[in-house]
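What follows is calculated from the coordinates using simple rules that are stated; it is not laboratory data. Here the structure is a predicted model, which means the values were calculated and not measured. Note that each Cβ is placed from the backbone with ideal geometry, even for glycine, and that neighbours are counted across all protein chains shown.
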Amino acid sequence: MFSFLRNFFRSSKNATPVEENTMKKYLIVGLGNIGSDYANTRHNIGFRILDHLAKKESLTFETQKLGDVAVYKFKGRQFILLKPSTYMNLSGKAIVYWLNKENIPLENLLVITDDLNLPFGTIRLKTKGSDGGHNGLKDTQDKLQTTNYNRFRFGISDAFSQGRQVDYVLGEWTPEEEAKLSERLDKAFELIKSFGTAGINITMNTFNGQ
């Protein structure tokens, strides 16, 4: 009897928590540029979405290798939230590092980026495609050696005059856009949760075009 109890407590003490072994992992990457100069720009919507999620769930980002990282647990899933510190043009380096570090399969990766070709606030989820001239996606594609990865495009519209694209993308949201962003950020949060719990296909059918 006593030997049984000793063995039970000994095995319980040495056991790894079941949650850590069985929880399905996802890497959610918000693309952006580090620094206060870029914080509220259209190009940094990836960072903005993850910051919104973290605020809603009282999460704290910690500076780690190649990025700021927070962990969000929801319905048996573990979402590794990553804001790369490599600047936009080298985003792929951070993505590959964290996929390997956390042993996350490519199908559980979601990259969040801005898109000039979509109206403001429009959501478009895709499982593959070209980089569309986006430097963050271009480097991601190069480092992953594939165009087959999930990406969440957030529309910032193309309301700029000829030759002003860079200024527009790196410009801050207008007061009118800012007033509408809160609802759009909530929708983006719901999409991320759906991606991990309902799967990519159901999530695309539910959220694309909203």
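General observations
- Mean Cα-pair separation over length for region 22-207, i.e. relative contact order, pairs under 8 Å, 6 or more apart, %: 26
- Each of Thr147, Thr140, Thr174, Thr86 has some number of other Cβ atoms within 10 Å of its Cβ, and from fewest to most they run Thr174, Thr147, Thr86, Thr140.
- Histogram of C-alpha separations across region 98-210, 10 Å bin width, %: 12, 42, 34, 11, 1
- When the chain is treated as a Gaussian network with alpha carbon springs shorter than 10 Å, the biggest mean-square fluctuation among Arg164, Arg153, Arg48 belongs to Arg164.
- Calculated [θ] (222 nm, deg cm²/dmol) that DSSP helices of n ≥ 4 give over the chain, each run adding -39,500 (n - 2.57): -12500 deg cm²/dmol
- Under 5 Å between amide hydrogens, built in the peptide plane, is the criterion, and for Gln78 it picks out Lys24, Lys25, Tyr26 among residues at least 5 positions away or on other chains.
- Taking θ as phi - 60° and the Karplus parameters 6.51, -1.76 and 1.60, the scalar couplings of region 126-136 work out to 9, 9, 6, x, 7, 7, x, x, 8, 5, x Hz in sequence order, x denoting glycine and proline.
- Computed magnitude of the charge dipole of region 22-207 (debye, nearest 20; Cβ of K, R +1, Cβ of D, E -1): 780
- Partners for Lys128 among aspartates and glutamates (Cα-Cα distance below 19 Å; same-chain residues under 8 apart left out): Glu107, Asp114, Asp115, Asp139, Asp142
- A straight Cα-to-Cα reach below 17 Å connects Lys101 with the lysines Lys24, Lys25, Lys65, Lys83, Lys93, Lys143, residues fewer than 8 places away in its own chain not being considered.
- Residue among Phe152, Ala188, Gly171 farthest towards the positive dipole end of region 79-208, charges placed on Cβ: Phe152
- In the list [x] 1.15; [y] 1.32; [z] 1.09, the label attached to Cα Rg over 2.2 N^0.38 Å as derived from the coordinates here is [x].
- Couplings 3J(HN,Hα) for region 111-123, derived from phi with the Karplus relation 6.51 cos²θ - 1.76 cosθ + 1.60 (θ = phi - 60°), are 10, 9, 8, 7, 9, 6, 8, 10, x, 3, x, 6, 9 Hz, where x marks Gly and Pro.
- For region 56-210, the antiparallel share of DSSP beta bridges with both residues in that region comes to about 70%.
- Arg184, Arg124 arranged by Cβ crowding within 10 Å, fewest neighbours leading: Arg124, Arg184
- Applied to region 67-72, the Karplus parametrisation 6.51 cos²θ - 1.76 cosθ + 1.60 on θ = phi - 60° returns per-residue 3J(HN,Hα) values of x, 9, 10, 9, 10, 10 Hz, with x for Gly and Pro.
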